[in-house]
Amino acid sequence: MQKKLLELDHLYKIYGKGENQTHALNDLTCSVLEEEFLGIMGSSGSGKTTLLNCVATMMKPTRGKVLLSGKELSKQKGRELARYRGDRIGYLFQTFELLDNMTGRENILLPASIHGVKEDLTKEVDRLAEYLEIGEVLDKFPEQMSGGQKQRIAAARALILHPDIVLADEPTGALDSKNAKQLMEKLKQLNEEQGTTIMMVTHDANAASYCSRILFIQDGGILNELRKNGEDRQEFYKRILSMQSQLLGGSANVF
Ligand SMILES: Nc1ncnc2c1ncn2[C@@H]1O[C@H](COP(=O)(O)OP(=O)(O)OP(=O)(O)O)[C@@H](O)[C@H]1O
Ligand SMILES: [Mg+2]
């Protein structure tokens, strides 16, 4: 049996105070196995980004624990926490978040310079660039790149320090279908060939069909789960669509 890489144990996140409280995570418990490609789906406001941010230690859950390889994140401090943020997780956002005044290569190397990595990563950048088909834009600035190229530069940045887990928040949300497909195929390949664990929030059933398991979130809790079993991607895609319409009483498009 595969080991648990990440465990979320009775997580609560409450924003605001008094009458303005929002219960964004409400007793959410789940785990992510090593080498898993986990999808998170749910309607807008259901708590998906909050969940990723708690895992990324960008925010603290109000209650409950997040454990990575059995170690509780909130107990980590100083160097250990910096190391977790630096090279155990990689984060891929919907809107790329590249720095405009840096080239593709410099953007990719940003996590290494932030975290004081001294090793020469030139070869690693070239390897990732070949893999993600961004060699030709490495020395260009973001404004000279297409949306798909920007997102693949951002993917290389998320991967440069070989994280154990990549957290992706709607990585295809700002891409057209061709670029979305290319990104998803690369992520899938990375998951299968290099064993990188991926936790990806998406509204898109097509993107979700690349996952091996999908959790459906509602009101900050887990409502349901789908697992891919021997079927091809097209079949899984149909099951995802049908689950979406089932959960939302036929209004799949609000996902
Ligand atoms: N900083 C904040 N302060 C107060 N409420 C917040 C804050 N961030 C999120 N919320 C609320 O918490 C709930 C969950 O938000 P979250 O961003 O996690 O949803 P989401 O599932 O990622 O939605 P979307 O699909 O639109 O990105 C929402 O009701 C939202 O309004
Ligand atoms: Mg969100």
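Nothing in this text is a laboratory measurement; each read-out follows from the coordinates by a stated rule. Treat the numbers as computed from the prediction; the structure is a model and nothing was measured. In this analysis, Cβ positions are derived from the backbone assuming ideal geometry, glycine residues included, and neighbour counts consider all displayed protein chains.
Of the residues examined, residue 147 is one that is away from ligand 1 (no atom under 16 Å from the Cβ) and over 17 Å from residue 240 (Cβ atoms). Could you tell me whether segment 87-103 includes any residue that is assigned to a helix (DSSP H, G or I) and crowded, with 21+ Cβ neighbours inside 10 Å? There is no residue in segment 87-103 that is assigned to a helix (DSSP H, G or I) and crowded, with 21+ Cβ neighbours inside 10 Å.
Can you find a residue in segment 175-194 that is among the small types (Gly, Ala, Ser), surrounded by 14 or more Cβ atoms within 10 Å (Cβ to Cβ) and closer than 30 Å to residue 15 by Cα? Within segment 175-194, not a single residue is among the small types (Gly, Ala, Ser), surrounded by 14 or more Cβ atoms within 10 Å (Cβ to Cβ) and closer than 30 Å to residue 15 by Cα.
Quick one: which strands (runs of 3 or more DSSP E) sit completely within segment 176-255 and have at least 1 residues that are among the acidic types (Asp, Glu)?
221-227
The number of residues in segment 57-70 that are free of Cβ contacts under 8 Å to residues at least 24 places away in the same chain and within 16 Å of ligand 2 (Cβ to nearest atom) comes to 1.
Looking at segment 105-120, is at least one residue in a loop (DSSP other than H, G, I, E, B), buried (at least 17 other Cβ atoms within 10 Å of the Cβ) and on the phi < 0 side of the Ramachandran plot? No, there is no match, as no residue in segment 105-120 is in a loop (DSSP other than H, G, I, E, B), buried (at least 17 other Cβ atoms within 10 Å of the Cβ) and on the phi < 0 side of the Ramachandran plot. When residue 54 is tested against (1) under 18 Å from the mean Cα position of the chain (by Cα); (2) away from ligand 2 (no atom under 16 Å from the Cβ); (3) not in a loop (DSSP other than H, G, I, E, B), only condition (2) is not met.
Filter segment 195-243 down to the residues that are within 11 Å of residue 41 (Cα to Cα) and among the β-branched types (Val, Ile, Thr), then identify the one that is surrounded by the most Cβ atoms within 10 Å (Cβ to Cβ). Of everything passing the filter in segment 195-243, 202 is surrounded by the most Cβ atoms within 10 Å (Cβ to Cβ). Residues that are buried (at least 19 other Cβ atoms within 10 Å of the Cβ) and more than 26 Å from residue 189 (Cβ to Cβ) were ranked within segment 19-41; the one that is nearest to ligand 1 (Cβ to nearest atom) is 24. Taking residues in segment 39-53 that are closer than 20 Å to residue 209 by Cα, and partners anywhere that are within 6 Å of ligand 1 (Cβ to nearest atom) and part of a loop (DSSP other than H, G, I, E, B), the pairs with Cβ atoms closer than 8 Å and at least 6 places apart or on different chains are 48/42.
Within segment 42-77, restricting attention to residues that are on the phi > 0 side of the Ramachandran plot and out of contact with any strand residue (DSSP E or B) (no Cβ under 7 Å at 6 or more places or on another chain), the residue that is surrounded by the most Cβ atoms within 10 Å (Cβ to Cβ) is 57.
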